[in-house]
Amino acid sequence: MTAALELSEVRKRFGRTEIIRGVDLSIPKGERHALIGPNGAGKSTTFNLISGRSAPSSGSVKLNGAEIGGLKPFAINRMGLSRSFQITNIFHRLSVFENLRCAVLWSLGYKYSFWHRLASLHDARQRADQVLELIGLQRLRDTQAGLLTYAEQRALEIGITIAGGAEVILLDEPTAGMSRSETDQAVALIRNVTVGKTLVMVEHDMSVVFGLADRISVLVYGEIIATGTPEAIRNNGKVKEAYLGATLDGDAGQGAH
Amino acid sequence: MKTAMPHNYESAAAASRPRFPRRRLAHFTVWSLAALAMLLLPLCFPGGFAIALLSQMGIMIVFALSYNMLLGQSGMLSFGHAVYSGLGAFVAVHVLNRIGAGELWLPVSLLPLVGGLGGAFFGVLFGYVTTRKSGTTFAMITLGIGEMVYSSSLMFPGFFGGEGGISTDRVVGSAVLGITYGPARQVYYLIAVWCLLSMIAMYAWTQTPLGRIANAVRDNPERAEFVGYDTQRVRYLVMILSAFFAGISGGLSVVNFEIVSAENVGAVLSGGVLLATFIGGSGFFFGPVIGAVLYILFAVALSSLTHAWLLYLGLFFVLMVMFVPGGIASLMMKQAPLLAERKFGRMLPSYWAALGAGLVLLAALILTVELTYTLQINSDNGTLVKLAGLDFDAASLKSWVVAAALWLVGAWGWRAALVRVHRAWDEVQAEMAGGGA
């Protein structure tokens, strides 16, 4: 069976500095996979390489067996991969509902149409309302997205990411900056919306990681030093060293946010 | 599209949401009122000058709305939009001359469509280059294209007619139903019909998938790419559609003025439409309509009264940008919730006070500007300035003292009025928040 996402020998250089130094990663369909590692290890860069925000310098990225390395973000999205952002990335001047409707239009085949009336596209409205209910923002349906609280914007961010029905979901620090109770809600939401999908997430909060992930990969200085079940990772010597030894700042993830 | 129609009607009937018919009724009412106003205006103002003014307003409304498809709806700041209306106008004028020579057959009523197709053609051509980039780069490229087209107007006299431009005669072919487009009033009604149709079409566009995605691209181009949209393609398509409507306004101007010259593609007009759109308010669909009407009032009506009209327009623009960046439309929309809650009356006394003080300041400004103009530029014709039936001598100290006094009284009154406006506004807002909780 082909993996949902497969990275082999992926490298990324910025000038002379190599940030990603040969990452190999294979994530089977339906798995919830967490990417952890100390600050500056290259987690977000890896996400950018997968999602098309930047192109890998060398190596291959495959989505369901098809090469996507170096493609444009919209092309990768149309192939069934969707991502969220660490810094909230929404359509600020549009209402919550319009944010979600924008996110479903392409997947429903409306493309660049200027001959359909939005009001008569019932499938788009229903899908947007369905996602709205899923992320629990019904009462804010017509509120301008820029006016939402931080946690609400984060929920909307996830809503936009999943609305198009992508099979592979990338979440970049979905709970960053949230309080404990907000984090619990976010975890429940992520669990809920990724049923039957492949999830890859970058996360600093270890309780979230160990609560959600089927498998974990640890990225240190642009290399994956270990991949395995949460239990195996917890007991891995190299991981302990990376987190508690040379790079103390990696431990900040335990509770800094 | 044809195949999708029955399906849409079916499901529209099945999901009988009460909101949609009411909204449709509201749209119908607004457009009917607009049509009625366009129908009646020339009857209320039957003079030749008024008809000319109204005709130019109609043309400018189409042009400004087409510009706002870029600026307000898609976040594209163009410094060269006159290229599309102007080139559309040149295409239309050549077609009209062919019709006049008997080489082509086309009713003059459809000439604006020719202009629109011409505009769209150049939108396809130039838009391909300009829309590859967004933001500042886009703005710079449009500026360059604008200059390029303007300078080529002198290099290709065959198409552009050199410095004199290309003149034409709109009274060609046989009269349809007695319409010859000889009288200015018939031209006005042609413009009114095209203006109304274009307004409805451009509004309808804002309610389509492309229209909404254009908003998304305006707000956050990067995110739009990550929900499957090629933002470059979105900008390109919007540019073509916008150029089409700009071309319609160009075609209308051909019928109205019967001449097209290099000025039609020039930077002054490109800047003018930006000014008009901004003053009216790019954040609301109807904003540019207000802006276009005001702009024509300045450019046509005021310019016949004073040489300093550009100065007034410039000052007005600067004041708007500084104090009402959302344009007049935003100022109006702020009052909407007050009207809905029947609290607008509470604001009125303070608004009247502000208006009074504002008028005094305006009088001071006009007196100062006109006195200065007379001294600096027009002094050969004497130093007498006639304003509101009063004579002011720019050479005498008395006039300047009056101006200074007006400034002082106006400024004092304005400050006092602003305090009152703010106090009343805060009170009303507090009441509305309290009532809602």
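Worth a mention:
- Unique residue being part of a helix (DSSP H, G or I) and facing chain A (nearest Cβ under 9 Å) when the list is B:I279, B:I290, B:I213, B:I248: B:I213
- For segment B:293-325, the set of residues classified as out of contact with any helix residue (DSSP H, G or I) (no Cβ under 9 Å at 6 or more places or on another chain) and not in a helix (DSSP H, G or I) consists of B:L305 only.
- Elements of type strands (runs of 3 or more DSSP E) in segment A:198-239, at least 3 residues being in contact with a Gly (Cβ under 8 Å, 6 or more places away or on another chain): A:215-220
- Scope segment B:391-437; condition under 22 Å from B:K343 (Cα atoms) and β-branched (V, I, T); matching residues: B:V419, B:V421, B:V428
- The set of residues from segment B:172-209 being more than 14 Å from every other protein chain (Cβ to nearest Cβ), more than 19 Å from the chain's Cα centre (by Cα) and either surrounded by 14 or more Cβ atoms within 10 Å (Cβ to Cβ) or closer than 27 Å to A:E98 by Cβ (or both) comprises B:V172, B:G173, B:I179, B:T180, B:Y181, B:A184, B:R185, B:Q186, B:V187.
- In segment A:91-107, residue nearest to A:T149 (Cα to Cα) [restricted to those that are surrounded by fewer than 24 Cβ atoms within 10 Å (Cβ to Cβ) and facing chain B (nearest Cβ under 10 Å)]: A:H92
- Consider segment A:136-187 and keep the residues that are without any contact (Cβ under 8 Å) to a residue 12 or more places away in the chain and not assigned by TED's automatic domain parsing to the domain that holds A:K43. The one that is farthest from the chain's Cα centre (by Cα) is A:R139.
- Selection status of B:F285, in the same structural domain as B:I166 (by TED's automatic domain parsing) and outside any helix (DSSP H, G or I): yes
- Test: residue in segment A:66-80 that is among the hydrophobic types (A, V, I, L, M, F, W, C) and touching a Phe, Trp or Tyr at 6+ places or on another chain (Cβ under 6 Å): yes
- Taking segment B:161-197 as the range and being assigned to a helix (DSSP H, G or I) and either acidic (D, E) or touching a Leu at 6+ places or on another chain (Cβ under 7 Å) (or both) as the test, the residues that pass are B:G162, B:E163, B:Y188, B:I191, B:W194.
- Unmet criterion (only one of (1) without any contact (Cβ under 8 Å) to a residue 60 or more places away in the chain; (2) surrounded by fewer than 22 Cβ atoms within 10 Å (Cβ to Cβ)) for A:L7: (2)
- Residue match in segment B:285-297 (condition: loosely packed, with under 14 Cβ neighbours inside 10 Å and either at pLDDT 95 or above or more than 30 Å from B:S396 (Cα to Cα) (or both)): no
Residue-by-condition table, conditions (1) within 12 Å of chain A (Cβ to nearest Cβ); (2) at pLDDT below 90; (3) closer than 27 Å to B:A192 by Cβ:
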position: B:A12; (1), (2), (3): yes, yes, no
position: B:A34; (1), (2), (3): no, no, yes
position: B:L41; (1), (2), (3): no, no, yes
position: B:A52; (1), (2), (3): no, no, yes
position: B:S55; (1), (2), (3): no, no, yes
position: B:F63; (1), (2), (3): no, no, yes
position: B:F79; (1), (2), (3): no, no, no
position: B:G88; (1), (2), (3): no, no, yes
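- Residues that are farther than 16 Å from B:T142 by Cα and buried (at least 23 other Cβ atoms within 10 Å of the Cβ) within segment B:260-281 comprise B:V260, B:A276, B:T277, B:F278, B:I279, B:G280, B:G281, listed in sequence order.
- Filter result for the condition that a residue is in contact (Cβ under 8 Å) with a residue 24 or more places away in the chain, within 23 Å of B:Q56 (Cβ to Cβ) and loosely packed, with under 14 Cβ neighbours inside 10 Å, over B:G119, B:G164: B:G164
- Meets criteria (more than 10 Å from chain B (Cβ to nearest Cβ) and surrounded by fewer than 16 Cβ atoms within 10 Å (Cβ to Cβ)) for A:Q126: no
- Checking the stated criteria, A:A119 turns out to be among the aliphatic types (A, V, I, L, M), more than 30 Å from A:A3 (Cα to Cα), part of a helix (DSSP H, G or I) and facing chain B (nearest Cβ under 9 Å).
- Single residue of A:S107, A:S113 found to be farther than 14 Å from B:A214 by Cβ and not assigned by TED's automatic domain parsing to the domain that holds A:T194: A:S107
- Scanning segment A:155-186 for residues that are assigned to a helix (DSSP H, G or I), under 24 Å from A:A128 (Cβ atoms) and either of a type outside the set (S, T, N, Q) or within 14 Å of another protein chain (Cβ to nearest Cβ) (or both) yields A:A155, A:L156, A:E157, A:I158, A:G159, A:I160, A:T161, A:I162, A:A163, A:E182, A:A186.
- Residues located in segment B:163-213, provided they are of a type in the set (K, R) and over 21 Å from B:I99 (Cα atoms): B:R185, B:R212
The values are calculated or read from the model by the stated rules, or taken from the named source; none is laboratory data. Nothing here was measured: the structure is a model prediction, and the numbers come from that model. Every residue, glycine among them, receives a Cβ derived from its backbone with ideal geometry; neighbour counts consider all protein chains shown.
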